[in-house]
Amino acid sequence: MREPGKNFENLLPQEAPPEVERMGLTWLIAAAIATVVLWQVPAGDYILYPFTILATWFHEMGHGLMALMLGGQFHRLQIFGNGSGVATYRIASSLGPIGPALVAAAGPMGPPIAGAALILASRSFKAASLSLKILGGFLLLSTLVWVRSLFGIVAIPILGLIILGISLKAPRWVQGFSIQFLGVQACISTYHQLNYLFSYTAGPLGISDTAQMEKYLFLPYWFWGALMAIASLVILARSLQVAYR
């Protein structure tokens, strides 16, 4: 039975009883732990494959958008079926060594920063729905403007359409949980690439992002890898704390 004068459909997440908020946070933490466990089993990569592609997109977009923000150019983005990706860009030379170092760091830090923004957007149903629409729309826009690999041209719009579908058709609680879940997945994706963060080379692509930072900022690549791993965890914890405050 509904109480007169109250519209329960318009309750925001922060207006829910404390036990509901704790339940939501528990599920998100459980999802993060389950993700790390799934990384360790053979079938786990297949289950988490869409999130791997999305994390790669965040990573490479981080490189390209940072280059644009610093006055350079973002030429193209390639994402491949094995989950790897390459962003091709040009950096403004007037910034000296700090420019290339910032662009290199923007790749590994792209997923946790985007993830934190998604988690914080879940503080209200309206913001969660809007953020899903923005994310889905930006996935589609990036395909038109930057994506230039066959796999990426197929996979990125599919992800965008699925996210847009959730924002338009799913119940509001599903939208809120979805954006939080996507945010957690993006934040902890850093730990799926720990080997990369602590590697000097990136195979045929040359040196890794952390090695690029060593090249321009002198401190060893493993220092930058450790710093970004710690920063990703702090960003996740802080964003969850703020979202559930």
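The values are calculated or read from the model by the stated rules, or taken from the named source; none is laboratory data. Worth saying up front: this structure is predicted, and the values here are computed from it rather than measured. Reconstructed Cβ throughout: ideal geometry from the backbone, glycine too, with neighbour counts over all protein chains shown. Ligands, DNA and RNA are stripped out before the accessible areas are found, and what is left, the full protein with its side chains, is counted by its heavy atoms. Shrake-Rupley method; radii C 1.70, N 1.55, O 1.52, S 1.80 Å.
How large, in percent, is the carbon and sulfur part of the accessible surface of segment 117-245 at a probe radius of 1.4 Å? Kindly include the intermediate steps, with their values, before the conclusion.
Values: 4840 of 6570 Å².
Heavy-atom surface of segment 117-245 belonging to carbon and sulfur, 1.4 Å probe: 74 percent.
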Two pseudo-spin positions, 7 Å from Cα along C-beta at residue 84 and at residue 134, lie apart in nanometres by 3.3
In whole angstrom, the spacing between the Cα centers of segment 138-175 and segment 64-109 equals 22
Rounded to the nearest whole number, the Stokes-Einstein translational diffusion coefficient of the chain at 10 °C and 1.306 mPa s (Kirkwood radius, C-alpha pairs) in µm²/s is 84
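Arranged from highest to lowest average of other beta-carbon atoms within 10 Å per residue, in what order do the peptides 190-196, 131-137 appear? All intermediate terms of the calculation are to be shown ahead of the outcome.
Working: 190-196: 17.9, 131-137: 19.7.
The densest-packed peptide leads the list: 131-137, 190-196.
What number comes out for accessible area per residue over segment 34-112 if the probe is 1.4 Å? Units Å², please.
Details: 3480 Å² over 79 residues.
Roughly 44 Å² per residue, with all protein chains present.
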P(r) over all Cα-Cα pairs of segment 55-199, 5 Å bins from 0 to the longest distance, whole percent per bin, short to long, reads 2, 11, 18, 20, 20, 16, 9, 4, 1, 0
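Averaging sequence separations of C-alpha pairs under 8 Å and six or more residues apart, then dividing by the length of segment 130-183, give the relative contact order as a whole percent.
Details: 39 pairs, mean separation 24.0, N = 54.
About 44 percent, as a whole number.
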Residue-ordered couplings for segment 177-194, obtained by feeding phi - 60° into the Karplus form 6.51 cos²θ - 1.76 cosθ + 1.60 and rounding to whole Hz (Gly and Pro as x), are 5, 4, 6, 5, 5, 4, x, 5, 4, 5, 5, 7, 4, 3, 7, 7, 10, 4
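Given a 1.4 Å probe, how much area per residue of segment 152-245 is accessible, in Å²? Numbers along the way, then the final one.
Numbers: 4880 Å² over 94 residues.
That works out to 52 Å² per residue.
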Sorted on mean Cβ neighbours within 10 Å (highest first), peptides 176-184, 118-126 come out as 176-184, 118-126
Here segment 170-245 gives, from Cα atoms, an Rg and Dmax in Å of 16.1, 50
SASA check, residue 223, accessible area w/ 1.4 Å probe, all protein chains in place, rounded to nearest 10 Å², comes out at 80
If the label point sits 7 Å along Cα→Cβ of residue 207, residues of segment 108-127 with amide N under 20 Å come out as 108-109
The size of the Cβ-based charge dipole (Lys, Arg +1; Asp, Glu -1) of the chain about the Cα centre, to the nearest 20 debye, is 440
